[in-house]
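Structure first, commentary second.
The values are calculated or read from the model by the stated rules, or taken from the named source; none is laboratory data. These numbers come from a predicted model, not from an experiment. Positions of Cβ are backbone-derived with ideal geometry, glycine not excepted, and every protein chain shown enters the neighbour counts.
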There are 2 protein chains.
Amino acid sequence: MQCVSDLGNLRNLLLTIQYDGRSFHGWQIQQNALTVQEVFQNALKSVVGEFSGLKGCSRTDSGVHAIMYCVSVKLSHPIPAHRLKNALNSYLPDEVVCIDCVEVDDSFHARYDCKGKQYVYKIWNSQTRNPFLNGYALHYRYQLDEKLLDKASQAFVGKHDFISFCTLDKREKGDFVRNVRMFSVKREGELVTMTVEADGFLYNMVRIMVGTLLEINQGKIAPDAIAGIIEEKNRAAAGATAPACGLYLNKVFY
Amino acid sequence: MQCVSDLGNLRNLLLTIQYDGRSFHGWQIQQNALTVQEVFQNALKSVVGEFSGLKGCSRTDSGVHAIMYCVSVKLSHPIPAHRLKNALNSYLPDEVVCIDCVEVDDSFHARYDCKGKQYVYKIWNSQTRNPFLNGYALHYRYQLDEKLLDKASQAFVGKHDFISFCTLDKREKGDFVRNVRMFSVKREGELVTMTVEADGFLYNMVRIMVGTLLEINQGKIAPDAIAGIIEEKNRAAAGATAPACGLYLNKVFY
């Protein structure tokens, strides 16, 4: 049983971090593989000693990047939030940075209180690769028709059962209905960016959506086929899972 | 003595490459250190066998990047220029790419025929580091006054003896007069980019110019001091040499 004075001292903090996913096997701690959670916990321990209830806003796959990733954690150490940010940054490796730290209500939970997320997927669309985007974008040599794909992707928008766009594993429980709020495909020179926002995402959902759009671009899947693929509720009807390197968790909504 | 038929078969080619300098100890071949020239020569040898007179447009330091770097080389292999580009890319590592290959006059030399170069220097100007710019930009925490520095940098423009902005070593021969055609300092959000164009550059010249501007920003050197530093012809009067990671060879003019 925890004593009242201990409970009284615990503060709940929301930390926002960014990381270059190339160096890590995703967020969630694993044996025999370096993860963001491991280096983050080590830095936190170095600064505040003990902590409890550390929760990340989502799992991210090996190689996936985060422009915004949120973590909640309870600690008794009295360090002010803004100082904790700077102290963590002096312990974190170059590939991970804490960009914000604020105190939140005791009940706040980085995962359960999340109201939605936005992912971006970057594609370097050129005959020749870009040496500065190794691991930061998918290199795709065929000419991408961003207008065609932007139009086709609108079939994702709305509340649907996305089981066709999910890699089934033991981690997927409950229903497969998600509300996709927006999907866009835009070009800036040779860089094509796909952006998708939803109340939540299934395992590999964005990467399978992107893979399906790439197969539409290559003529393997018809541009108007997405609604039918959703209805089929069959993973085999959708396209391949696009590589992790182009994927960025871009925003987390609370 | 080379026979006439051999000479007749030699073609002179101009190849344009890009590289991520993080992986290399600069362009020029060295013992016991990986350089861009070494991996480029290895790829070229794999594709065409023998070649001669390979010349790079400039030395670049360890860690310096190239958006555009030019190489001239003579070879007797009959491969069409556009095919050589693609073949090289299949042998080059991810960090180096050939973006163009054309046939040029026999007399063309990538270094001696160069009429000028443009460098850019990227600075991430924020309290917190950017995990996606490790080795791609200098992280500078103090607020940069880009307008002040842009104005101060105009004193670099013109034909001057730049010995104050040169690391003296055995490689520097002849005179130290160079014609700086333009210098600009611009901000896009937290990214500040300095751009400088000249008919030629001395060893470490851009990095010392940038280091001097950073010391002007910090109040260690007066904003109007640059003309005087040039006149002094004394390396000690200028600022420190800025780190290599922010520097990109951006354009080469012929």
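Results for (1) polar (S, T, N, Q); (2) out of contact with any helix residue (DSSP H, G or I) (no Cβ under 8 Å at 6 or more places or on another chain); (3) farther than 17 Å from B:ARG59 by Cα, shown as yes or no for each residue.
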position	(1), (2), (3)
B:ASP175	no, yes, yes
B:ASN179	yes, yes, yes
B:LYS233	no, no, yes
B:GLY239	no, no, yes
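Might you check whether a residue that is within 13 Å of another protein chain (Cβ to nearest Cβ) and charged (D, E, K, R) occurs anywhere in region B:100-118? Looking for residues that are within 13 Å of another protein chain (Cβ to nearest Cβ) and charged (D, E, K, R), one finds at least one in region B:100-118, hence yes. Among the residues of region B:65-111, those identified as touching a residue at least 12 places away in the same chain (Cβ under 8 Å) and in contact with a Cys (Cβ under 8 Å, 6 or more places away or on another chain) are B:TYR69, B:CYS70, B:VAL71, B:ALA81, B:HIS82, B:LEU84, B:LYS85, B:LEU88, B:LEU92, B:ALA110, B:ARG111. Identification of strands (runs of 3 or more DSSP E) wholly contained in region A:91-149 with 2 or more residues that are polar (S, T, N, Q), surrounded by 16 or more Cβ atoms within 10 Å (Cβ to Cβ) and on the phi < 0 side of the Ramachandran plot yields A:116-125.
Of the residues that make up region A:102-116, is at least one farther than 30 Å from B:LEU92 by Cβ, β-branched (Val, Ile, Thr) and at pLDDT 95 or above?
For region A:102-116, residues farther than 30 Å from B:LEU92 by Cβ, β-branched (Val, Ile, Thr) and at pLDDT 95 or above: present.
Taking the numbered list (1) away from every other protein chain (no Cβ under 11 Å); (2) modelled with pLDDT of 95 or more in turn, A:GLY8 passes all entries but (2).
May I ask you to list the residues in region B:238-252 that are small (Gly, Ala, Ser) and more than 16 Å from B:SER153 (Cβ to Cβ)?
Going through region B:238-252, the residues small (Gly, Ala, Ser) turn out to be B:238-240, B:242, B:244, B:246.
Passing the criteria: B:ALA240, B:ALA244.
In region B:76-99, how many are polar (S, T, N, Q), in contact with a strand residue (DSSP E or B) (Cβ under 9 Å, 6 or more places away or on another chain), farther than 30 Å from B:VAL196 by Cα and within 11 Å of chain A (Cβ to nearest Cβ)? Total satisfying the criteria: 1. Would you confirm, using the coordinates I've provided, whether A:ALA237 is closer than 19 Å to A:TYR140 by Cα, small (Gly, Ala, Ser), in contact (Cβ under 8 Å) with a residue 60 or more places away in the chain and surrounded by fewer than 23 Cβ atoms within 10 Å (Cβ to Cβ)? In short, no.
Just the residues that are in a loop (DSSP other than H, G, I, E, B), farther than 20 Å from A:THR195 by Cα and in contact with a Gly (Cβ under 9 Å, 6 or more places away or on another chain), please, taken from region A:18-47.
Taking region A:18-47 as the starting set, the residues that turn out to be in a loop (DSSP other than H, G, I, E, B) are A:20, A:24-29, A:31-32, A:34-35.
Checking which are farther than 20 Å from A:THR195 by Cα leaves us with A:24-29, A:31-32, A:34-35.
Hits for region A:18-47 are A:PHE24, A:HIS25, A:GLY26, A:TRP27, A:GLN28, A:THR35.
For region B:171-197, filtered to residues that are closer than 22 Å to B:GLU231 by Cβ and part of a loop (DSSP other than H, G, I, E, B), the residue that is modelled with the lowest pLDDT is B:GLU172.
Looking at region A:38-58 only, could you name the residues that are polar (S, T, N, Q) and either crowded, with 16+ Cβ neighbours inside 10 Å or within 14 Å of another protein chain (Cβ to nearest Cβ) (or both)? Residues satisfying the conditions are A:GLN41, A:SER58. Restricting region B:59-72 to residues that are surrounded by fewer than 22 Cβ atoms within 10 Å (Cβ to Cβ) and closer than 17 Å to B:GLU38 by Cβ, the residue that is farthest from the other protein chains (Cβ to nearest Cβ) is B:ARG59.
For region A:78-90, name all the residues that are part of a loop (DSSP other than H, G, I, E, B) and surrounded by fewer than 15 Cβ atoms within 10 Å (Cβ to Cβ). Let's see the steps before the verdict.
Of the residues in region A:78-90, the ones part of a loop (DSSP other than H, G, I, E, B) are A:78-80.
If the condition is that a residue be part of a loop (DSSP other than H, G, I, E, B) and surrounded by fewer than 15 Cβ atoms within 10 Å (Cβ to Cβ), then A:PRO78, A:PRO80 are the ones that fit.
Scanning region A:48-67 for residues that are among the β-branched types (Val, Ile, Thr) and part of a loop (DSSP other than H, G, I, E, B) yields A:THR60, A:VAL64. Of all residues in region B:59-69, none are of a type in the set (Lys, Arg), assigned by TED's automatic domain parsing to the domain that holds B:LEU14 and modelled with pLDDT of 95 or more. Residues being within 14 Å of chain B (Cβ to nearest Cβ) and over 22 Å from the mean Cα position of the chain (by Cα): count how many of those fall in region A:133-156. Selection size over region A:133-156: 1.
Residues are listed down the side, and each one gets a yes or a no for (1) within 27 Å of B:LYS233 (Cβ to Cβ); (2) in contact (Cβ under 8 Å) with a residue 24 or more places away in the chain; (3) of a type outside the set (Lys, Arg):
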position	(1), (2), (3)
B:ALA137	no, yes, yes
B:ARG141	no, no, no
B:GLU146	no, yes, yes
B:GLN154	yes, yes, yes
B:HIS160	yes, yes, yes
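Among the residues of region B:198-254, the ones that are part of a helix (DSSP H, G or I) and either of a type in the set (Asp, Glu) or not assigned by TED's automatic domain parsing to the domain that holds B:TYR140 (or both) come to 3 in all.
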